[in-house]
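The values are calculated or read from the model by the stated rules, or taken from the named source; none is laboratory data. Please read all numbers here as calculations on a predicted model, not as lab measurements. For neighbour counting, all protein chains shown are included, and Cβ atoms are generated from backbone atoms with ideal geometry for every residue, glycine included.
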Amino acid sequence: MDKKIYERPVIIKQQMGFMNKFGSAPANQPLTHIDNVSVVEMAEKYGSPLFVFSEKKIRQNYRNLNRIFKTRYPKVQFAWSYKTNYLNAVCSLFHQEGAWAEVVSEFEYERARKLGVKGENIIFNGPDKTIEGIKKAIEEKAKIHIDHFDELYDIINITEKYNLKADVGIRVNMDTGIYPKWDRFGFNYENGEAVQALKRIISNERLNLVGLHTHIGTYIMSTEPYKIAAQKLVVLANMLIDQYDIKLDYIDLGGGLPSHNTLKGQYLEAEQLLPTLEQYADAITSPLYDLNLSPSEFPTLFLENGRVLIDDAGFLVSKVLANKRLSDGRRSTVIDAGVNLLFTSFWFKHKVRPAQVSSTYTESATLYGPLCMNIDIIRDDVVLPTLKKGEYLVIMYVGAYSVTQWMQFITLRPNIVMITEEGKIEQLRKSENLDYIMEQEILPEKLKEFSI
C-alpha cells in the first residue's frame, strides 16, 4: 500500500453566495476518454502536454451549423476561418465538408493554395495585402474584400498595369450596438465611406463588384447586432440594385459566433447565457428576405465561422508537476502546459477535468503553468480534486486560436493528434526539438568560440 503524502492542515474560509438554480457541477468527474480513446494512454504514448482534436466532433459541428442556416436561407456557403486553426488536417477536414477558405494574409492564402483550394474558392480579407499577393489573388479569381482606399488604389493600378479584371467586394464597418466598435477595418457605413467606395468600384471597368462583407466582432453574445448588420448590408445591396442595376453574387456576414467557452467575469456558464445557433441564424437570414429581388436572384450568404465550429473539438492534456500551498493557504497546482500554449486562458475560464479517477475531496485551486513568469496562470480559481504529481488533467474547449497563437517560449511546443471517426489516433504535428528551433538561426563566426 502506497504511503499517503503528508499535507499540513489548513483552514479554508467558505464563502456563501447566491444559489445557482442549475446546481453545482460534479467538479471531480473525470474525463478518462475522448471519443472512447484513453487520455492517459495517449499522453503516455505522445507525451505531455498534448493537443487532441476530435474529427467526429468537428464534422458534427459543421454539419449542424450548415443545416441550421440552409433551412432558413436557400443559398449558404461557409468559408473556414484559417486564422482560427490552420493545421493542414483541420483545414482539409473542413474543405472535405464543403467549406471554402477565408484568409487574412498572404501566408494563409498560400497555405490554402498548397492544400489544393482553388483561388476562386478563397475569400481574401485583411488590411495587409501585398502587391504580389493582390496580383496573384486577382489572377486566380479569388474574392478580394477591400479594406481601405489605399488598397483600392493598389488594385486599380495592378489591373491597369497587367491588363486584369478583379472580382472584389468591400468590408463594411458599422454601428451595431457593440462597443468598442470594430471600425478599424473596412469602410464605414454611417459616414458614407462605404457608399463612396462602392461608387468608385462601379465606375472602374476593370473592377467587378461581386459582394459585400462585414465582420462585426468576436464572441458576439447577442443576436441583435447580427440582425442590424444584415439589415444595413441589405440597404447597400438594394441601393446597388435600384440605382445601378447591380445584383451581387453574395453577402458575407463574417463570423464571430461564440463557442461555449465561458468568459472571465461571467458568473453563469456560457451554455446558460448564450442564444442558440438557431436564434443567431434567424437574426442573420431574416433581413435578407428584404432584398429587392426574386428568390431565384438572391445572393449567396457567406459565413466565415471559426471558433463555434472547433472550440469544443479541441483538448489539451497536461501532467501535474507539483502541488503547493500559497502564502495565504490556498492550494496551487503546477502543470506542464502554460499560457505559451494556451493564450486564450487570459480571457476564458476553460473547463478543466481530471483524466483519471481521483480523490472525492475537492478544493479551489490556482492552476499554474510551468513558465518562470507570474502571469502563467491557466485558471486562477478552479475546483478540482486533489491531484498527485504525475497524474493528468484535461483542459477543454481549446480548439480555436490555441495552435495559431501559441508560441515557443521557455518550453517547446508539443505533439498534436487527432482521433478519427474510426477511433484511430493520427499525428497532425510533431513536437519541436532544439534542432528545429535553431534551424533558422545564423551564428557569426566571431561568436562561435568562447572560454568561460
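Listed by first and then second residue, the pairs linking a residue in segment 417-440 that is more than 16 Å from Ser48 (Cβ to Cβ) to a residue that is among the acidic types (Asp, Glu) and part of a loop (DSSP other than H, G, I, E, B), with Cβ atoms under 6 Å apart and 6 or more places separating them unless they lie on different chains, are Ile419/Asp35. Filtered by the rule that a residue be in contact (Cβ under 8 Å) with a residue 60 or more places away in the chain and under 21 Å from Leu301 (Cα atoms), segment 260-282 gives Leu277, Glu278, Ala281, Asp282.
Checking the condition at pLDDT below 95, surrounded by fewer than 22 Cβ atoms within 10 Å (Cβ to Cβ), among the polar types (S, T, N, Q) and farther than 21 Å from Leu301 by Cβ, which residue from Gln14, Gln60 passes?
Unique residue meeting the criteria: Gln14.
May I ask you to verify whether Gly47 is over 20 Å from the mean Cα position of the chain (by Cα), surrounded by fewer than 19 Cβ atoms within 10 Å (Cβ to Cβ) and at positive phi? Show your work before the answer.
Details: over 20 Å from the mean Cα position of the chain (by Cα): yes; surrounded by fewer than 19 Cβ atoms within 10 Å (Cβ to Cβ): yes; at positive phi: yes.
For Gly47, the condition - over 20 Å from the mean Cα position of the chain (by Cα), surrounded by fewer than 19 Cβ atoms within 10 Å (Cβ to Cβ) and at positive phi - is met.
If you check Leu198 against the conditions, is it assigned by TED's automatic domain parsing to the domain that holds Phe298 and not in a loop (DSSP other than H, G, I, E, B)? When the stated conditions are applied, Leu198 passes them. The single condition among (1) surrounded by fewer than 16 Cβ atoms within 10 Å (Cβ to Cβ); (2) outside any loop (DSSP other than H, G, I, E, B); (3) assigned by TED's automatic domain parsing to the domain that holds Lys324 that Lys446 does not satisfy is (3). Among residues of segment 139-153 being more than 11 Å from Asn121 (Cα to Cα) and among the acidic types (Asp, Glu), the one that is surrounded by the fewest Cβ atoms within 10 Å (Cβ to Cβ) is Asp150. Just one of the numbered conditions (1) at pLDDT 95 or above; (2) assigned to a loop (DSSP other than H, G, I, E, B) is not true of Gly23: (1).
Would you confirm whether any residue within segment 327-344 is surrounded by 16 or more Cβ atoms within 10 Å (Cβ to Cβ), within 24 Å of Ser81 (Cβ to Cβ) and touching a His at 6+ places or on another chain (Cβ under 8 Å)? Taking every residue of segment 327-344 in turn, at least one turns out to be surrounded by 16 or more Cβ atoms within 10 Å (Cβ to Cβ), within 24 Å of Ser81 (Cβ to Cβ) and touching a His at 6+ places or on another chain (Cβ under 8 Å).
Scanning segment 287-310 for residues that are of a type outside the set (A, V, I, L, M, F, W, C) and either free of Cβ contacts under 8 Å to residues at least 60 places away in the same chain or under 22 Å from Asn125 (Cα atoms) (or both) yields Tyr289, Asp290, Asn292, Ser294, Ser296, Glu297, Pro299, Thr300, Glu304, Asn305, Gly306, Arg307. Across segment 382-395, not a single residue is classified as within 29 Å of the chain's Cα centre (by Cα) and basic (Lys, Arg). Within segment 205-222, residues that are closer than 17 Å to Val235 by Cα sit with their Cβ atoms under 9 Å from residues that are among the basic types (Lys, Arg) and part of a loop (DSSP other than H, G, I, E, B), at 6+ positions apart or across chains, in these pairs: Ile216/Lys181.
Which is out of contact with any Phe, Trp or Tyr (no Cβ under 6 Å at 6 or more places or on another chain) and closer than 25 Å to Pro258 by Cβ, of Ser358, Ser318?
Checking each option against the conditions leaves just Ser318.
When the strands (runs of 3 or more DSSP E) confined to segment 350-440 are screened for residues that are within 20 Å of Ile34 (Cβ to Cβ), those reaching at least 2 such residues are found at 352-354, 377-385, 392-396, 416-419, 425-429.
Counted as qualifying within segment 269-332 are the helices (runs of 4 or more DSSP H) with 3 or more residues that are modelled with pLDDT of 95 or more, namely 277-285, 307-310. Inspection of segment 240-254 identifies at least one residue that is among the polar types (S, T, N, Q), within 20 Å of Pro287 (Cβ to Cβ), free of Cβ contacts under 8 Å to residues at least 12 places away in the same chain and part of a helix (DSSP H, G or I).
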